[in-house]
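What follows draws every value from the coordinates through simple rules; no lab data is involved. Keep in mind the model is a prediction, meaning the values are calculated, not measured. Here Cβ is always computed from backbone atoms with ideal geometry, including for glycine, and neighbour counts include all displayed protein chains.
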Amino acid sequence: MWWLMICGAFAAPLSPAAVVDAALENASDIALAEARVEAAKGARYQSGGPRYNPQLQLGASLDGSRVQGQLVQPLSVTGEGVLDRRSATASLEAAEAALTRARLETAAAARRAYAHLALAQAGQQISEKQLDGASRLRSAAEARLGAGEAPELDVQLARLEEARAIAVWLDAGREVTAARSELVAMTGLSVDVEVESDPMRAALGVDDVGAATSRSDVIAAAAEVDAAEAALARERAAILPPLGLGAFYEADDGRTVAGPMLTAQVPIWKQNQGGTGAARGALMAAQAGLEATEARAQVEANAAAERLDAMARAADLLGRDLTADAAAALSAIQDSYALGQTDLTTALLLQARVIEGERGWYEARTTLAEARIEVALTRESPSLAGSGD
């Protein structure tokens, strides 16, 4: 992370890969998912071997004339331990799949935040050009008024346009601050972090989006159902308490007695009704969660397939860099008015159209970038959280 902090300190534009890496290190959702994996590993390890520890009892009289003891190993004869192991294994699979999904969602969120900051930075640059153009038109209007070539109305309109451009420029700075705050909170990077001003840098290429595949959130939900089914079977098996197999020893005034022993609880009053009911409810919740996750995944997969063609067409239309065209058009408009070739109303209208068009180009590229990110998340492309940008 030290090199990321140095980059932030010098306000050098960071790549999307660097931002994704920082988000993956900083995300609390990933930390929680990793903690669940560790807890599931512990539960699975604990479920191995005998389900119950042996019980040892020792006793002796105060004068030492009598000594007694017994060792009992509780054993489930209904397969409770096997079912517990099965449930723990499925829970671990669910936790690992959920961790995979958390990493992908964090990476997608980081890329979206990158695109939003890039759009905000581009908007600030456009607003600076807008303000510069308004100031040039105001200066030209004042010069033409002094030369008797323009009415005072031109100066008044030009000054008002300059004031409006100042307000837009100030608002653009606020949007940059908000977008940067979002990115910093997500990644933990320096507060003056900069990104490249093209929102499409945050997106994956068409070839990196990937093909449809099994989604980790669906895998996690299905594993949760498996775990809940095994847990319900375990609780039902626990209706019959474990049998205790062991041995006893007793010495009393030189007389020694030893032998095997068997202990058992008779399930008359308590039959694990609470555990069975809770497990049944957990299974119902897991099944509902799986159905909802599968439905959402199917809808997103269908939408992703439909959007790919639209994204390809949009990429062709937006592929040309229009910033140079916008700069040239603004300069031509301002020169045209200064030379008296265009009236101020036309110049202001044309300048607004150019500014609006350049903003629209950046906004469209941001929308396209977000669409590619969403498709990559839907298809769980490994490149989404990779470092190959």
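Equivalent ellipsoid of the stretch 2-385: semi-axes from √(5λ) of the C-alpha gyration tensor, largest first, are 74, 22, 16 Å. Among 73-84, 369-380, sorting by the average number of other beta carbon atoms lying within 10 angstrom of each residue, highest first, gives 369-380, 73-84.
To the nearest ten degrees, helix 152-187 and the longest principal axis of the Cα atoms of the chain are 20 degrees apart.
Between D343 and L262, the contour length at 0.36 nm per residue exceeds the alpha carbon distance by 18.5 nm. Compute the FRET efficiency between S331 and E306 as 1/(1 + (r/R0)^6), taking r as their Cβ-Cβ distance and R0 = 41 Å, and round to the nearest 0.05. About 0.50, to the nearest 0.05. Ranking Q273, G69, L32 by Cα position along the charge dipole of the chain, where only Lys, Arg, Asp and Glu carry charges on their C-beta atoms, puts G69 farthest toward the positive end. Measuring from a point 7 Å past the Cα of Q273 along Cα-to-C-beta, which residues in the stretch 219-253 have an amide N at less than 18 Å? Correct set: 235-241.
Within the listed set R365, R353, R255, the residue fluctuating most in the Gaussian network model of the chain (springs between alpha-carbon atoms under 10 angstrom) is R255. Computed from the C-beta positions of R280 and Q46, the FRET efficiency with R₀ = 30 Å rounds to 0.80.
In the chain, the longest principal axis of the Cα atoms and the axis of helix 16-26 are about 40 degrees apart. Using only side-chain charges placed at the Cβ, +1 for Lys and Arg and -1 for Asp and Glu, the dipole size of the chain relative to its Cα centre rounds to 1340 debye. Across V257, V195, V218, mean-square fluctuation computed from a Gaussian network of the chain (C-alpha pairs under 10 Å connected) peaks at V257. Along the charge dipole of the chain, pointing to its positive end and built from +1/-1 on Cβ of Lys, Arg, Asp and Glu, which listed residue (L348, Q55, A109) has its Cα farthest out? Going by the charge dipole, the pick is Q55. Placing dummy labels 7 Å off each Cα toward the beta-carbon, the span from A295 to A324 is 5.2 nm.
In the chain, helices alone account for a calculated mean residue ellipticity at 222 nm of -24000 deg cm²/dmol, with every DSSP H run of four or more residues adding -39,500 (n - 2.57). Rank G254, G281, G289 by mean-square fluctuation in a GNM of the chain with C-alpha springs under 10 angstrom and give only the top-ranked residue. Checking each option, the largest mean-square fluctuation is seen for G254. Net charge in the neighbourhood of A324 (other residues with Cβ under 13 Å of its Cβ; Lys, Arg +1, Asp, Glu -1) is -1.
Here the gap between A352 and A143, fully extended at 0.36 nm per residue and compared with their Cα-Cα distance, gives a gain of 73.0 nm.
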